[in-house]
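Down below is the structure, laid out as structure tokens.
The values are calculated or read from the model by the stated rules, or taken from the named source; none is laboratory data. The structure displayed is predicted, hence computed values, not measured ones. Ideal geometry is used to build each Cβ from the backbone, glycine not excepted, and the neighbour counts take in all protein chains shown. Keep in mind that these areas ignore ligands, DNA and RNA; they rest on the heavy atoms of the full protein, side chains included. Shrake-Rupley method; radii C 1.70, N 1.55, O 1.52, S 1.80 Å.
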Amino acid sequence: MLSKKWIFVSLLISGVVLISVGLVGLFSQINPFDFPDDFGGGIIDRGGRELPIPVLLADENEDENIADYRIIAKQGQSNFYKDVLTPTLGYNGSFLGPVIKVRRGELVNMHVQNDLSDTTSVHWHGLEVGGLSDGGPHQVILPGEVWQPSFVIDQPASTLWFHPHVIGSTATQVYYGLAGLLLIEDEFSDSLNIPKDYGVNDIPLIIQDRSFRRDGSFDYSLNMMDGVVGDTILVNGAITPTLTVNQVNMRFRILNGANASNFNLELSNRDDFYQIASDGGFLEKPVKRDRLFISPGERAEIIVDFSVYKEGDVIVLRSGNRRIMSFVVGKKIEDTTEIPETLVKVEPLDVSKVTAIKTIELDGMGHMVSLNGRQFDMDRIDDNVQQGAIEIWEITTLRTMMGGMGHPFHIHGTQFQVLSRNGKEPSEGEKGFKDTVFVGAGETVRIIVQFKHKGIFMYHCHILEHEEAGMMGQLEVE
Ligand code: C2O
Ligand code: CU
Ligand code: CU
């Protein structure tokens, strides 16, 4: 007969076993790279397609200093897999959108039409414009309506992007395909002798992850820790595609367009490449590196020198054990571009002019998230700022018993600078302008930020499911 003591001990043991099995399960979900590479859900043709290059949207205005761009958010169907149609959303097409290229100083009139059956909005992520043009949750576009903001581009050459930002459906609308790139050019980007022939040696890479059901439809389902992660990589809307590159310098404008996954990009041969830009524009000088960590919402531009390889070489761009895409090396041709010693001057924001130091605490995971201990409320302004003010924001995330997780923190309508990460100088790649910064578990990142434009602006975690679960606040610049 079992004594009470033995019953107690065995209950204790099975409890411990159950808890550790649970913990292992949780930890294995923390690592978003953990998916087997050949997971295909029984669907054939996982990729190898040639990388699609999003088209440059035509400017409908002949005046050199004024641009008119028209985008239409609509439903469509996409062929990610041979003979299978996936219901998707896109701007002017069935998935993702065209590239909008503008110049500093230009007056831009946007015409955004909503042909969806749902409300949407289009937020210009990284663009320094007034609150009414921002395209956040306050600028909804009802089905059938057109939203027409106008603004003057007044910030350096950079790779920005646009995506919906409507309460309750940002994450799903982005997941189904609503996202596009907004490129700014200026006299400095004109004068640098870097690759800048769009679609030839200047290539956008919109990296996202998705899951598919057997019938080809997207499987948008929530991972309890991280938000929605997928087992299949899309680049510019094609599954792990291939790009044939000549033996020249190639510039890639990389956007982490995933809802929740981080990518830690490297070349399969571990060779170095050069980072030339972060979210808000060029760095002071190219940064030689063999890895590029990029969290949701962030952009980075890199140059890879393919002249050191020979025809037929295949180099895979990967993140951990996830294959992102492949480069097939082509011909040796003449290349007049270079990787310059220096790029632009990045003027540091003046620390002596700082009028406030604020703290932002990002906490939680899954649905249980908060920002400074509370959740987003559309009717509450969390913070008031004077137009032109320069502030220091100290952003922290908690390390919990289970490790906690990192959050990509983003502020609308401004480009900031990273002052320190955990009390230390930021890495070279983080010394340019940024609008989104990754704050790892237990980390503290100090940024200096200036609010140049009036209006209401969001700041939030760019894991879209966290943003939707309330890890967002709003500030009013007056
Ligand atoms: Cu990419 Cu609130 O934005
Ligand atoms: Cu934004
Ligand atoms: Cu988050």
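Laid out as a table, the results:
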| read-out | value |
| --- | --- |
| Conditions (1) among the hydroxyl-bearing types (Ser, Thr, Tyr); (2) open to solvent by 10 Å² or more (accessible area, probe 1.4 Å); (3) closer than 21 Å to residue 56 by Cβ; number of the one not met by residue 158 | (2) |
| Identity of the residue in segment 341-384, among the basic types (Lys, Arg) and open to solvent by less than 60 Å² (accessible area, probe 1.4 Å), that ends up farthest from residue 138 (Cα to Cα) | 358 |
| Filtered residues of segment 49-74 (kept if small (Gly, Ala, Ser), open to solvent by less than 40 Å² (accessible area, probe 1.4 Å) and over 21 Å from the mean Cα position of the chain (by Cα)) | 67 |
| Matching residues in segment 264-304 - criterion: being open to solvent by 40 Å² or more (accessible area, probe 1.4 Å) and hydroxyl-bearing (Ser, Thr, Tyr) | 268, 274 |
| Residue match in segment 406-416 (condition: in contact (Cβ under 8 Å) with a residue 12 or more places away in the chain, more than 16 Å from ligand 1 (Cβ to nearest atom) and not basic (Lys, Arg)) | yes |
| Residue match in segment 465-473 (condition: within 16 Å of residue 127 (Cα to Cα), surrounded by fewer than 23 Cβ atoms within 10 Å (Cβ to Cβ) and within 13 Å of ligand 1 (Cβ to nearest atom)) | no |
| Number of the condition not met by residue 172 [criteria: (1) closer than 22 Å to residue 380 by Cα; (2) out of contact with any strand residue (DSSP E or B) (no Cβ under 7 Å at 6 or more places or on another chain)] | (1) |
| Scope segment 120-147; condition of a type in the set (Val, Ile, Thr), within 16 Å of ligand 1 (Cβ to nearest atom) and open to solvent by 10 Å² or more (accessible area, probe 1.4 Å); matching residues | 140 |
| Hits in segment 432-445 (condition: touching a Pro at 6+ places or on another chain (Cβ under 9 Å), open to solvent by 30 Å² or more (accessible area, probe 1.4 Å) and either within 15 Å of ligand 1 (Cβ to nearest atom) or among the charged types (D, E, K, R) (or both)) | 438 |
| Strands (runs of 3 or more DSSP E) wholly inside segment 381-478 containing at least 2 residues that are away from ligand 2 (no atom under 14 Å from the Cβ) | 383-385, 390-397, 417-421, 436-439, 444-450, 472-477 |
| Test: residue in segment 75-90 that is without any contact (Cβ under 8 Å) to a residue 12 or more places away in the chain and buried (at least 16 other Cβ atoms within 10 Å of the Cβ) | yes |
